[in-house]
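Shown next, in structure tokens, is the structure this report addresses.
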Amino acid sequence: MITQYSADDEKEGDEEAEVEANPDNKTVEVASGDEAAPAEGEEVAEGGDKAVAFSSPILMKRFERARDLMIIGENEWARWDLYDIERKTKNRDYLKTLMSEYSTAGHFNRSSYIAQVTFGTVRASQGTEGGRAMWELAYPRAYSDSVDKYTKQFTVPTELVWGIMRAESSYRRDAISPVGALGLMQVMPFTGYKVATLVGDKEFKPPQLLEPDTAVKIGSRYLKRLMDRFDNTIPLVAAGYNAGPHRVKNWLVSFGTLETDEFIEHIPFLETRNYVKRVVSNAYVYSKLYGNKKDLFPYLSEAVPVKVNAELVGKENWDDI
């Protein structure tokens, strides 16, 4: 698995400018807060939690067209109008409205990106309680119907699926990596074929991985395979998802007597080492936000709770299912 798109890789920032240039190159400050009111001549649209005033008629037209497209189910087309507004404004009220619209349209990668990058400092200062709404936008329950269905079917933690999804594609359903990994869960076509066999899907074709429901089904079933192999130890599961379970087995043979947190630091692949940390962090945040009260990682400061035989392996064994 190769990560191509990740909002976690972006530097969190806190933009200070909150003005938008209108077509005449004049700038209009828009007040924030519950008492904000549009100036005379400003266009107003209902969006998010309150009305938003667009000083630019062009952006107002874009917003209205996006809304109309969403009403008739053309969410993919609506995304481009919303994105056109996003790239032309730094106004926070506008961006909050866009996050709401992106979420409604199912474009969680954009709403999460804005919450992560533009409002990162706000989230950090307010914490998960005071700034809960912004945290939930940064860590959305993306494609929740599919995630709930397949995590129950395959007995995989929802926070793990979302943690992997965030690390792999940042919720971008049409993500394609340079090496050919596809979709939300960035599954390689060969892996997709193998896992499809496990779920009894004889008609599987790799392009189906760009469909959210198929991506979550195949990804969740593969995670179940890794969970069974590594005794539900999430850091090992994440390492196996990224680098292959055969490599994790070899690392367990080489330095599996270490405590789990030290084991992570000894992973020889920098990409996999950082990836495991991101997935663990993501899963922890999801657990904290959405009600899983149990400790997901009681073993981090304990010895790795998985033992393997001393035989080194060179590739993943698909006969061992």
(request) Just grab the label-to-label distance for residue 58 and residue 205, each label 7 Å out from Cα along the Cβ direction, in nm (one decimal). (result) 4.1 nm
(request) Return the subset of 152/224; 224/277; 217/307; 149/249 for which the Cα-Cα distance in this structure is over 18 Å, preserving the input order. (result) 224/277; 217/307; 149/249
(message) Quick check: the distance between the Cα centres of region 217-232 and region 134-187, to the nearest angstrom?
(response) 14 Å
(message) Can you give me the distance in nm between label points at residue 290 and residue 315, each placed 7 Å from the Cα along the Cα-to-Cβ direction?
(response) 3.6 nm
(message) What are the ³J(HN,Hα) couplings of region 219-230, residue after residue, when phi is run through the Karplus curve with 6.51, -1.76, 1.60 and θ = phi - 60°? Round to Hz, x for glycine and proline.
(response) x, 5, 5, 5, 4, 4, 4, 6, 4, 5, 6, 10
(message) At a threshold of 8 angstrom on Cα-Cα distance, excluding pairs fewer than six apart, so keeping six or more, what relative contact order does region 187-321 reach in percent?
(response) 27 percent
(message) Applying a 10 Å radius around every beta-carbon, put 234-242, 170-178 in order of their mean neighbour count, most first.
(response) 234-242, 170-178
(request) Would you mind getting me the FRET efficiency between residue 271 and residue 84? Use the beta-carbon distance for r and R0 = 30 Å, nearest 0.05. (result) 0.35
(request) Order the peptides 153-166, 111-124 from the highest to the lowest mean number of other Cβ atoms within 10 Å of their residues. (result) 153-166, 111-124
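Once you wrap a convex hull around the alpha carbon atoms of region 166-321, what is its projected area averaged over all directions, in nm²? Mind showing how you got there, number by number?
On the way: hull surface 37.7 nm².
Mean orientational projected area (region 166-321, Cα hull): 9.4 nm².
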(message) Once you place label points 7 Å from the Cα toward the Cβ at residue 179 and residue 122, how far apart are they in nm?
(response) 3.8 nm
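Coordinate-derived values only; no laboratory data. All values derive from a computational prediction rather than experimental measurement. Backbone-built Cβ (ideal geometry, glycine too); neighbour counts: all protein chains shown.
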